1. Using the crude model of +1 on Lys and Arg Cβ and -1 on Asp and Glu Cβ, and no other charge, please compute the dipole size for the stretch 75-174 relative to its Cα centre, in debye to 20.
2. Taking 27 Å as the cut-off for C-alpha to C-alpha distance, list the pairs among Lys379/Lys416; Lys313/Lys366; Lys331/Lys379; Lys201/Lys456 that go past it.
3. Over the chain, what relative contact order in percent results from Cα pairs under 8 Å that are six or more residues apart?
4. Select from Thr431, Ala393, Leu410 the residue farthest towards the positive end of the dipole of the stretch 360-433; place +1 on Cβ of Lys and Arg, -1 on Cβ of Asp and Glu, and compute about the Cα centre.
5. Using alpha-carbon positions, what is the distance between the centroids of the stretch 1-66 and the stretch 337-412, in Å?
6. Given Cα pairs under 8 Å that are at least 6 residues apart, what percent is the relative contact order of the stretch 26-146?
7. Lys365 to Val34: extension gain in nm, 0.36 nm per residue of separation minus the Cα-Cα distance?
8. So what is Rg over Rh here for the stretch 278-329, counting just Cα atoms and using Kirkwood for Rh?
Amino acid sequence: MLTAKKEEDITEWYTQVIINSEFVDYSAVSGMMVFRPDSYFAWDTLKEATDAMFKGVGVEDVYFPLFIPERFLLKESQHVEGFSPEVAWITHAGKSELSERLAVRPTSETIMYDSFSRWIRSWRDLPIKYNIWASVVRWEFKHPTPLLRSREFLWNEGHSAFATFEEAEAEREVILDIYEKVLRDYLALPGIRGKKTDNEKFAGAVASYSIEQLMPDGWALQGPDHHSDGQNFAKAFDIGFVDKDGSRKYVYQNTYAITTRELGAMVLCHGDNKGLVIPPKLARIQIVLVPIFNNIGEEEVLTYSRSVFELLKKSFRTHLDDRDEYTPGWKYNEWEIKGIPIRIEIGKREIESKSVTAVRRDTGKKENIKVDQLTESIKSLLEEIHSNLYTQALKFLESHTFVVKDYEELKKHVGKGMIQAAWCGSAECETNVKEETGAKITNLPSNAQDRAKGEKCIYCGKEAKHIANFAKSY
């Protein structure tokens, strides 16, 4: 049972939902969580779908070690300004002190690019398009939040190397298209694609691009991203090749990622005061059958329920809750908090009419369905549920995106959604807005840049170069 209301205290509500629903749990290590079956199924499904799309565009899966020699991180920090991850260190093996400290992977650039420098010799070795599915550890904050900000999380790391700048640039939209499709078709989440400012980009990148999402409390959450790294890492790790003309050149590189943070975004966006609402494709159990009986009609109801279960499990992930120690009402509450997309109720009335009563988790709407139409009807219902979740999230994003013309108007909307305003491109103006309002530039939305012409910067009044999204951010 949830005691917090989403609209009153979203932080407490979020914590109660993810724990009481048995989606995740805390572990004995501060800032590190346990993925329980429902959350790991959702991530595994997301991973498989994304990976299949990666393979469709020529990305290959690899794996590199969890431990990274300290000298690799030092080399990176010397060459890539601002790169200084807070890492966990391995200093001993048993009672013996290691000759060199080993970092527990905060990200894999250093360990991978040492190999790239040995593997790439000629233009014929390019392009390289590799991906890792792994966990990383970052000990860089004091107040972790499961899924949204944890010291260990799961992600993909895409690392590519190309002979030319143009080839590297072309990959960006391909990868971001994949991420956008995954967000839409699996998580039922919309987002805003755009370029990060220099202040917000990845420290080792020439340019960073992201899909920003809006949470129900009006704060932004950074979703999947793609970094154009240029030749920064290539020069740091001497990743060069002999080109067709016989000259030696450095490769151009990209990196990109999607993380388990998206499961937190899913919980925040779709959940309600009853608990989780999981999009059907990510639900470990898509349909739960709840028999309704008393001592007299128990066997008849259970026999009928089992026949419905056998029918549905051929096409859907189905569970029959035939426990007799709990009332139907108690079961309803349990499956609602877990976010199961469809609950099917079966009692004497359903047996007599050769039907079932289907209840949608997203709307609570009940529908009587004849058994001979059940498979097709459930398929349609699941599609409708996903479509409705996405539509509602998109409507919220659109209705909470505010286009403003002056600074006072911007300040009125801070913390209430995405605020689109003209910006001169000055880091000083960007910093001043953030310090004065708490709203940072999340990204420069790709679909709005043509509106910048003729506009004045929201802060200094000079000629604008961009339209920027300002928001408070997780």
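Since every read-out is calculated from the coordinates, none of them should be taken as a lab result. Just so you know, these numbers come straight off a predicted model, no measurement behind them. Cβ: placed from backbone, ideal geometry, glycine included. Neighbour counts: every protein chain shown.
1. I would put it at about 440 debye.
2. Numbers: Lys379/Lys416 37 Å; Lys313/Lys366 21 Å; Lys331/Lys379 23 Å; Lys201/Lys456 24 Å.
In this structure, Lys379/Lys416 lie more than 27 Å apart at Cα.
3. For the chain, the relative contact order is 14 percent.
4. Projecting each Cα onto the dipole axis, the largest value belongs to Ala393.
5. When both Cα centres are located, 22 Å separates them.
6. Values: 108 pairs, mean separation 40.8, N = 121.
Contact order relative to length: 34 percent.
7. This chain segment gains 115.8 nm when fully extended.
8. Working: Rg = 12.2 Å, Rh = 11.9 Å.
Using only Cα positions, Rg/Rh for the stretch 278-329 is 1.02.
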